Amino acid sequence: MQREDKIELTQRLIAHVDNNSTDYAEDVLRVPFSAFNDPELAESERQVVRRFPHIVAHLDELQKAGDFITTTLIGTPLLVVRQPDGSVKAFSNVCRHRGAKVEFAESGCKRIFACPYHNWSYGRGGDLRGMPHAEGFEGMDRSEYGLVEFPCEVRHGLVWVVPTVGAEMDIAAVLGDKHDAEVIDTGMADSYQVRKETWKLDMNWKIAVDGVQDSYHLCQLHTKTVCNYLEGNITALDVVDRSWRLVVARKSITEVRDADPDSFDVRDYSLANYTVYPGTMLVTEPNHFEIWTIVPDTDDPNVSYCTIRLLSPKKPETPREVRILEKNWELLMATLHDEDWFVTKTITDNAAHGQVKELIYGRNELPGQLFHNMVASDVVELERERSAQTASTG
């Protein structure tokens, strides 16, 4: 972080602590409760979410050429493969012959991927290599029948994919020059993946994202956990197009009120959440990183999926370093399962039967307002595109 940015951010956070304030929106936002339970709206949101990048792997999972993982991203089956030149490619895990799944293993290392149905085979680069009884397909141009490829980029040691063919992909541009440089400075690109886990949540995906964006609840809900370390309702928000940096003050931040700016790192006195819209969060803490990916279910608006990766700046080398990371994970799990998700699941439960027409996002809930306004705006734009397409074909 640049020196002037560090000074400005520290002063903003300390001023908020002194004034018991935060960065505010211009007004309250009212969101229809039905926005969390409407199947038609949920389908439009899924189409929106498919247009944006999501994290599917850490480079620790793809260390050498031929290493692969398979996963599903918003209903799209993926085969993600490390290439001989060190890059990573992402393909649809669907055979171009009759549509069967090509690779069934969750991970491994291969030179050739062969569909078990008729043994059509593909190279690491997705090219169609072979087909038994090729005479039956005489005249077919093999070069046109490789695995379908999706936009894929490695940035900050993470593998990003847009599950839409031909979509644009530039993570540095999405984060913006300043924020991308800040993430580089954290050393995330050289991090070690300590843990990774995925949960199927009985809640709408926007409710799950809301929880990671909300500092208002930190010292209301988490009185015995997170509130011991972080200031509730004390944040600084900076927005770059479709990404933003949300910084939460730690209880200790006033210790550097009069300190020489060159004598400390503001990251040691805060928690920074770099959100890449719509549901990816890079959370930087003093001794570890948390990488969150939240996506909607392909059918049910009341179901979503959350993947969390715990990363360490380096591979732990001592029992003490291992214990510290384990305690960080245990605290996160206790906070999520016993507090956050325990409570926020009731929002989904109440959406259909609570007899409440709208929810209120206060001026102090600026990140939540930003997120919901973006989703709503993108759904409107999607509907405009659909209407235009219908008109042009009609």
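The values are calculated or read from the model by the stated rules, or taken from the named source; none is laboratory data. Since this is a predicted model, take the numbers as computed values, not measurements. As a convention, Cβ positions derive from the backbone with ideal geometry for all residues, glycine included, and neighbour counts pool all protein chains shown. Side chains included, ligands, DNA and RNA excluded: accessible areas come from the protein's heavy atoms. Shrake-Rupley method; radii C 1.70, N 1.55, O 1.52, S 1.80 Å.
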Give the residue that is farthest from Gly86 (Cα to Cα), with candidates limited to residues of the range 119-141 that are open to solvent by 80 Å² or more (accessible area, probe 1.4 Å) and under 36 Å from the mean Cα position of the chain (by Cα).
Asn119
Considering Asp258, Asp265, Asp241, Asp210, which residue is within 28 Å of Val375 (Cα to Cα), of a type outside the set (A, V, I, L, M, F, W, C) and modelled with pLDDT under 95?
Asp241
Out of the residues in the range 205-217 meeting the condition of being open to solvent by less than 20 Å² (accessible area, probe 1.4 Å) and touching a Gly at 6+ places or on another chain (Cβ under 7 Å), tell me which one is nearest to His58 (Cα to Cα).
Val209
Can you confirm whether the range 104-114 contains a residue that is surrounded by 13 or more Cβ atoms within 10 Å (Cβ to Cβ), free of Cβ contacts under 8 Å to residues at least 12 places away in the same chain and of a type outside the set (Asp, Glu)?
no
Determine if the range 229-250 includes at least one residue that is without any contact (Cβ under 8 Å) to a residue 24 or more places away in the chain, loosely packed, with under 15 Cβ neighbours inside 10 Å and out of contact with any Ser or Thr (no Cβ under 8 Å at 6 or more places or on another chain).
no
I'd like to know if the range 83-94 contains one or more residues that are in contact (Cβ under 8 Å) with a residue 40 or more places away in the chain, open to solvent by 30 Å² or more (accessible area, probe 1.4 Å), within 26 Å of Gly187 (Cβ to Cβ) and of a type outside the set (D, E, K, R).
yes
Please specify each residue of the range 274-283 satisfying the condition of being of a type outside the set (S, T, N, Q) and either in a strand (DSSP E or B) or surrounded by fewer than 20 Cβ atoms within 10 Å (Cβ to Cβ) (or both).
Tyr274, Val276, Met281, Leu282, Val283
Could you please give the count of residues in the range 34-73 that are at positive phi and buried (at least 18 other Cβ atoms within 10 Å of the Cβ)?
0
Enumerated strands (runs of 3 or more DSSP E) restricted to the range 284-394, each holding at least 2 residues that are closer than 30 Å to Gly157 by Cβ and in contact with a Ser or Thr (Cβ under 9 Å, 6 or more places away or on another chain):
289-296, 304-312
Output yes when any residue across the range 5-19 is more than 30 Å from Asp262 (Cβ to Cβ), surrounded by 14 or more Cβ atoms within 10 Å (Cβ to Cβ) and out of contact with any Leu (no Cβ under 6 Å at 6 or more places or on another chain), and no when none is.
no
Failed item in (1) buried (at least 19 other Cβ atoms within 10 Å of the Cβ); (2) over 16 Å from Ile294 (Cβ atoms), with His353 passing the rest:
(1)
Mind listing whichever residues of the range 213-254 are assigned to a strand (DSSP E or B) and among the charged types (D, E, K, R)?
Glu231, Asp238, Arg245, Arg250
Does Glu321 fit the bill of being surrounded by fewer than 18 Cβ atoms within 10 Å (Cβ to Cβ), under 19 Å from Lys196 (Cβ atoms) and either out of contact with any strand residue (DSSP E or B) (no Cβ under 6 Å at 6 or more places or on another chain) or polar (S, T, N, Q) (or both)?
yes
Would you please name the residue that is surrounded by the fewest Cβ atoms within 10 Å (Cβ to Cβ), looking only at residues in the range 159-204 that are polar (S, T, N, Q), under 30 Å from Asp300 (Cα atoms) and out of contact with any helix residue (DSSP H, G or I) (no Cβ under 6 Å at 6 or more places or on another chain)?
Thr198
